[in-house]
Amino acid sequence: MPEVESTRDGAVQTITLNRPDVLNAFNAAMHAALQDGLKEAARDAEVRAVVVTGAGRGFCVGQDLTEFREAPGDIGDRLRSGYHRTILAIRSLEKPVVAAVNGAAAGAGVSLALACDIRVAADSASFVPAFVNIGLVPDSGGTFLVRRLLGYGRAFEWLATGRRLTAAEAHAWGLVSEVVESDALAARAAEVAGELAALPTRAIGWTKRLLDSAETSTLEEQLELEAQLQTVATQTADFREGVAAFLEKRPPRFTGS
Ligand code: T3D
């Protein structure tokens with residue numbers, strides 16, 4: 001059984017983590033397959049949005065703990081060669097990525113969901129920053145991403161206690177955009193991704209880059225990067241189409257170019 005399944009519907013690529021017996025816990029092969037799927041999405045100009053979801057009743061529960069039965073080895077190396085590449089592949093993909101959180105997200109699975117641009121959750125989903133429960137610190141960008149979304153106080157309380165949030169609580173905290181009934185999740189995530197895929201893809205990718213850069217830039221640096229990317233944006237076909245459609249009082253037909 002492949003660790004990841006990748007399917008295409010129009011401009012939307014869906015990548016499904018596929019180790020359902022362990023709620024899609026990560027092993028090295030699943031990292032490699034997920035990274036390959038993201039690279040394929042980056043290469044293929046016809047892909048204009050990506051959905052990441054899990055097979056079975058879990059989204060992704062972080063590291064496969066059965067691999068810790070023996071001595072864990074050099075965890076730093078494993079993080080660098082697996083988790084970091086996966087998280088950075090999502091953040092550097094200049095296309096929108098929707099996490100369809102179909103069940104439990106735990107440990108680095110929370111980091112994975114939060115690295116995506118938008119989260120739609122099933123009402124059965126839950127979010128468990130499980131690291132502390134096994135004496136670890138949050139990794140895979142967990143501290144960066146949770147702090148960015150929740151601010152220090154809530155981030156500390158949640159990460160330090162490891163408590164399980166329901167989908168409704170995650171929605172109230174702003175961690176997910178919407179919660180839908182489990183049976184409706186796949187269709188709703190496809191709809192959200194389809195809407196994003198119809199937008200000016202390059203401008204969306206650059207918006208993503210700008211928001212990430214804003215985390216660490218000064219205002220002056222950010223103003224300069226905005227000016228540079230706006231210069232490139234005005235050279236796209238989608239900019240010309242957007243302006244023409246506005247002036248002709250008709251809906252735009254963006255192509256992602
Ligand atoms: O070197 C490095 O790689 C370091 C990197 C670390 C990154 C990390 O992610 S550390 C954090 C690892 N994850 C966890 O600690 C989460 C452990 N799991 C749980 O706490 C619970 O399973 C959940 C709260 C997520 C879900 O609970 P529940 O009751 O819905 O399901 P369950 O019954 O606990 O799990 C179902 C099955 O999945 C079960 O197997 P079984 O009994 O049916 O054969 C369970 O053992 C398995 N499972 C769940 N999580 C993991 C797992 N198997 C392997 N690894 C897991 N992480």
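The values are calculated or read from the model by the stated rules, or taken from the named source; none is laboratory data. Predicted model only: the values in this text are computed from it and were never measured. We work out accessible area using only protein heavy atoms, side chains counted, and drop any ligands, DNA or RNA first. Shrake-Rupley method; radii C 1.70, N 1.55, O 1.52, S 1.80 Å.
Contact order for the chain, expressed relative to its length and based on alpha carbon pairs under 8 Å spaced 6+ residues apart, stands at 17 percent.
Could you tell me which of rounded, prolate or oblate describes region 4-197, using a ≥ b ≥ c as the square roots of the eigenvalues of the alpha-carbon gyration tensor, with rounded for a/c under 1.5 and, failing that, prolate when a/b is larger than b/c and oblate otherwise? Judged from the Cα gyration tensor, region 4-197 comes out oblate (a/c at least 1.5, b/c at or above a/b). For Lys208, the lysines whose Cα comes closer than 25 Å to its Cα, not counting residues fewer than 8 places off in the same chain, are Lys39, Lys95.
Across Ile75, Ile90, Ile118, mean-square fluctuation computed from a Gaussian network of the chain (C-alpha pairs under 10 Å connected) peaks at Ile75.
Can you tell me the accessible area per residue over the chain, all protein chains present, probe 1.4 angstrom, in square angstrom?
Numbers: 12820 Å² over 257 residues.
Normalised by residue count, the accessible surface of the chain is 50 Å².
When the chain is modelled as a GNM with alpha-carbon springs shorter than 10 Å, which of Leu88, Leu136, Leu247 fluctuates the most? Looking only at Leu88, Leu136, Leu247, the biggest GNM fluctuation is shown by Leu247. You can think of it this way: the chain between Ala184 and Arg250 has 20.6 nm of extra reach, that is 0.36 nm per residue less the Cα-Cα gap. Pick from Arg85, Arg69, Arg154 the residue whose mean-square fluctuation is largest in a GNM of the chain, springs joining Cα atoms under 10 Å. Checking each option, the largest mean-square fluctuation is seen for Arg69. Here the accessible area is traced with a 1.4 Å probe on the protein chains. For the chain, carbon and sulfur cover 57 percent of it.
What is the distance in Å between the Cα centres of region 24-52 and region 194-233? Going from one Cα centre to the other spans 22 Å. Computed over region 201-248, the Cα gyration tensor eigenvalues convert (square root of 5λ each) into semi-axes of 25, 10, 8 Å, ordered from largest to smallest.
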